Amino acid sequence: MKPLHSMVLIAGLTAVLSGCAWQSPQSEVTGNLYSKVNMDAYPTSILAIDGEYTYYNPMTISPGRHVLRVQGLAPNWADAAKEFTLDVEPCKRYYIAGFRANPITRDWEPKVDVVMPISGCPPAGSSSSGGSRY
């Protein structure tokens, strides 16, 4: 009876883990800071992508051109949401930061701070992969 029980457990575990696999080349976008060394960079919150509100961080995004609505998280940026266009490449994680010229001004611009490759992401030509998302 043990071998059958083990096979059922393995089949269930395989089904659960396959839900974590990349189905196509995807990318991610986050407002977290990658490095805390740059004193002019501030974390952001990605409010919406192409007009649809986001709830997760990092947020999975398909490759292509997207419009992001970004909220700066510095102390005096409470009402300063901005939009900018991002050309997303497959299998990349984009760290979006808010930059300002000096710490006194409220004027800031959202920019891509760092772009990192995502491990386990399938190549652009394949439609499915058994690899893990992380």
Exercise. Taking only region 23-32 into account, find how many residues are part of a loop (DSSP other than H, G, I, E, B) and touching a strand residue (DSSP E or B) at 6+ places or on another chain (Cβ under 7 Å).
Key: 3
Exercise. Select from region 87-118 the residues that are farther than 13 Å from Tyr34 by Cβ, touching a residue at least 12 places away in the same chain (Cβ under 8 Å) and aliphatic (A, V, I, L, M) and list them in ascending order.
Key: Val88, Ala101, Ile118
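Let's see how each residue does on (1) surrounded by 11 or more Cβ atoms within 10 Å (Cβ to Cβ); (2) of a type in the set (Phe, Trp, Tyr); (3) modelled with pLDDT under 90:
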site: Lys2; (1), (2), (3): no, no, yes
site: Ser6; (1), (2), (3): no, no, yes
site: Gly12; (1), (2), (3): no, no, yes
site: Pro25; (1), (2), (3): yes, no, yes
site: Met39; (1), (2), (3): no, no, yes
site: Glu52; (1), (2), (3): no, no, no
site: Tyr55; (1), (2), (3): no, yes, yes
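If I ask for residues that are surrounded by 12 or more Cβ atoms within 10 Å (Cβ to Cβ) and farther than 30 Å from Pro122 by Cβ, which ones from region 77-110 would you list?
Within region 77-110, Trp77, Ala80, Ala81, Lys82, Glu83, Gly98, Phe99, Arg100, Arg106, Trp108, Glu109 meet the criteria.
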Self-check item: Residue ranges of strands (runs of 3 or more DSSP E) in region 33-114 with at least 3 members of a type outside the set (Lys, Arg) and under 12 Å from the mean Cα position of the chain (by Cα)
Solution: 44-49, 59-61, 92-99
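The values are calculated or read from the model by the stated rules, or taken from the named source; none is laboratory data. Predicted, not measured: the structure shown is a model, and the values here were computed from it. Here Cβ is always computed from backbone atoms with ideal geometry, including for glycine, and neighbour counts include all displayed protein chains.
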